[in-house]
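Everything on this sheet refers to the single structure shown next.
Any read-out appearing in this document is the output of simple, stated calculations on the displayed coordinates, not a laboratory observation. Every value quoted in this text rests on a predicted model; they were computed, and no experiment measured them. No Cβ is skipped: glycine too gets one built from the backbone with ideal geometry, and neighbour counts run over all protein chains shown.
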Amino acid sequence: MSIKQILQDQFNNCYEENGWFVALKNALANVTVEQALWKADGFDHSVWEAAYHLTFWNERWLKRYRKEPLEPGKNITIAETFQAPENPTEADWQAALEKLYSVMDAWKNILENITEEKLAEQVSERYEAPWSAPLANINMHNAYHTGQIVVIRKLQGSWDAAKGVS
């Protein structure tokens, strides 16, 4: 199996197809705005905040890949990447999901068309690893936060075990 095939397989399992764990789309299926905003006692983040965090980092790496400019001169804290608006509507939540899925669909398309040469290419002068390294880390990062979303949904009683985890 090639590096490209491994990364595609990992990405598909993280995003759309349950494998050893629940995929992101299944973890977020049928979440209402109220459920997205809910926080369990002792937990730092809501489903919405985790989804925002995933959108933020996947989009940031997508911009790097496309050689699009990032916000100049802004040091972003991890806490700033976990956000949810005050008093959002169901339409706001659906728009947030659409943005996340749009970014993820862009990555899916890239991984379908990426070459082994591009995967071996150095990311940048500052980031000396080949593109395969951050792409593998993105997949692990997505799986980690998707697991958090499932745990939050289990705690709030909104998880459907038929989606992949009992």
Could you pull out the chymotrypsin sites (Phe, Trp or Tyr not before Pro) across region 105-166 that fall in loop regions by DSSP (anything but H, G, I, E, B) with no more than 13 other Cβ atoms inside 10 Å? Y127
Could you state the number of Å between the C-alpha centres of region 42-76 and region 87-113? 12 Å
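Report, in listed order, any pair from K4/K63; K25/K154; K63/K154; K108/K154 with a Cα-Cα distance greater than 22 Å.
The pairs that break the limit, which is 22 Å between Cα atoms, are K63/K154; K108/K154.
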In Hz, Karplus ³J(HN,Hα) per residue of region 48-60 (6.51, -1.76, 1.60; θ = phi - 60°; x = Gly, Pro): 4, 4, 5, 5, 4, 4, 5, 4, 4, 6, 5, 5, 4
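As a test of the definition: which semi-axes, in Å, follow for the chain when you take the square root of five times each eigenvalue of its alpha carbon gyration tensor? Largest first, please. Numbers along the way, then the final one.
Details: eigenvalues 158, 77, 34 Å².
Gyration-tensor ellipsoid for the chain: 28, 20, 13 Å.
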Can you work out ³J(HN,Hα) from phi for every residue in region 113-125, in order, using Karplus 6.51 cos²θ - 1.76 cosθ + 1.60 and θ = phi - 60°, giving whole Hz and x for Gly and Pro? 10, 5, 9, 4, 5, 5, 4, 8, 6, 5, 4, 6, 4
Loop-exposed trypsin sites (Lys or Arg not before Pro) per DSSP, neighbour cap 16 Cβ within 10 angstrom, longest uninterrupted part of the chain: 75-125
